[in-house]
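> Right, I'll just put the structure down here and ask away after.
The values are calculated or read from the model by the stated rules, or taken from the named source; none is laboratory data. These figures come from a predicted structure and were not determined experimentally. Neighbour counts run over all protein chains shown; Cβ positions are idealised from the backbone, glycine included.
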Amino acid sequence: MNTPMASPVAPTPAPLPDDLSLRADLSRREVDSPEPATWHPAGQTGVHRRLLDRQGGEVARATSVVRYDPGARFPAHRHGGGEEILVLQGTFEDEHGAHPAGTYLRNPPGSAHAPFSQAGCLLFVKLCHFGPGDTASVRIDTRATPWRPGLVPGLSVMPLHEHDGVHTALVRWAPDTRFNRHVHPGGEEILVLQGTFEDEHGRYPAGTWLRNPCWSEHTPFTGPDGALILVKTGHLGGASAAPDRHTNTSGNMDL
């Protein structure tokens, strides 16, 4: 999965404040475009972050795109709140092995490693998003994992993880595919990996990140170039406080 999410040759240094809140209000719809992107140093030479949402400084509930320059290393560290990774480009490495583009990883709370990248890599990373009891270590090579038919023609789904109502999957949209209008009781988060994803609110080319809050609704579709997206649903809370409306989810992933 070498996605076309290009990273800049020379990221602009932008140190993080000690306590940072970025898109921390989960009740708001948020969209982040890859261009222009601001890259922040990650505390180690050659490692940079494009921040998507964050609550806190170096120890934070956070979502980021992370770039390792060739040869960059991070010292051994422990993930108190867990770490979720999708390798977008290059090869991500640690003492547990080499993880090429297309690898999906979950390092549960309490796990530790010393990551590096000899050739450089680009990652999508979520920190401190694990729910109680979510303790499984996961490694999936999405290049070798079969796709399942989606709920409408032109849609294919690759489930990656499920725990306590939170679902993560890759979804492949053929060109000119349209899905039903539906509601996300527990919210939805999308990273567009390839092509262009669309709905009535906008058009989202590769590299775009968007977060739709609990009980948001839309009618997504694709045009002639189709799309590949990473989707997470059910993790934004508040699903129990349901508005007085009917939902049309038609399945775990709303897909």
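> Quick one: residue 101 ticks every box in (1) touching a Cys at 6+ places or on another chain (Cβ under 8 Å); (2) modelled with pLDDT under 95; (3) of a type in the set (A, V, I, L, M) except a single one, so which number is it?
Residue 101 satisfies every listed condition except (2).
> For region 119-237, which strands (runs of 3 or more DSSP E) that fit wholly inside it have 3 or more residues that are outside the structural domain of residue 105 (by TED's automatic domain parsing) and surrounded by 15 or more Cβ atoms within 10 Å (Cβ to Cβ)? Walk me through it before giving the result.
Details: elements: 121-127, 138-141, 155-163, 166-173, 182-184, 188-199, 202-205, 209-212, 216-218, 221-233.
In region 119-237, the matching strands (runs of 3 or more DSSP E) lie at 155-163, 166-173, 182-184, 188-199, 209-212, 216-218, 221-233.
> Taking the stated definitions as given, is residue 70 modelled with pLDDT under 90 and not hydroxyl-bearing (Ser, Thr, Tyr)? Walk me through it before giving the result.
Working: modelled with pLDDT under 90: no; not hydroxyl-bearing (Ser, Thr, Tyr): yes.
So residue 70 does not fit the description; no.
> Among the residues of region 103-160, which ones are in contact (Cβ under 8 Å) with a residue 60 or more places away in the chain and polar (S, T, N, Q)?
Hit for region 103-160 is 142, nothing else.
> Here's a follow-up. Mind listing whichever residues of region 14-46 are farther than 30 Å from residue 203 by Cβ and either at pLDDT 95 or above or of a type outside the set (A, V, I, L, M) (or both)? Before you say what the answer is, go through the steps one by one.
Taking region 14-46 as the starting set, the residues that turn out to be farther than 30 Å from residue 203 by Cβ are 15-19, 41-46.
Selection gives 15, 17, 18, 19, 41, 43, 44, 45, 46.
> Which residues, counting only those in region 73-98, are modelled with pLDDT of 95 or more, over 14 Å from the mean Cα position of the chain (by Cα) and hydrophobic (A, V, I, L, M, F, W, C)?
Residues satisfying the conditions are 92, 98.
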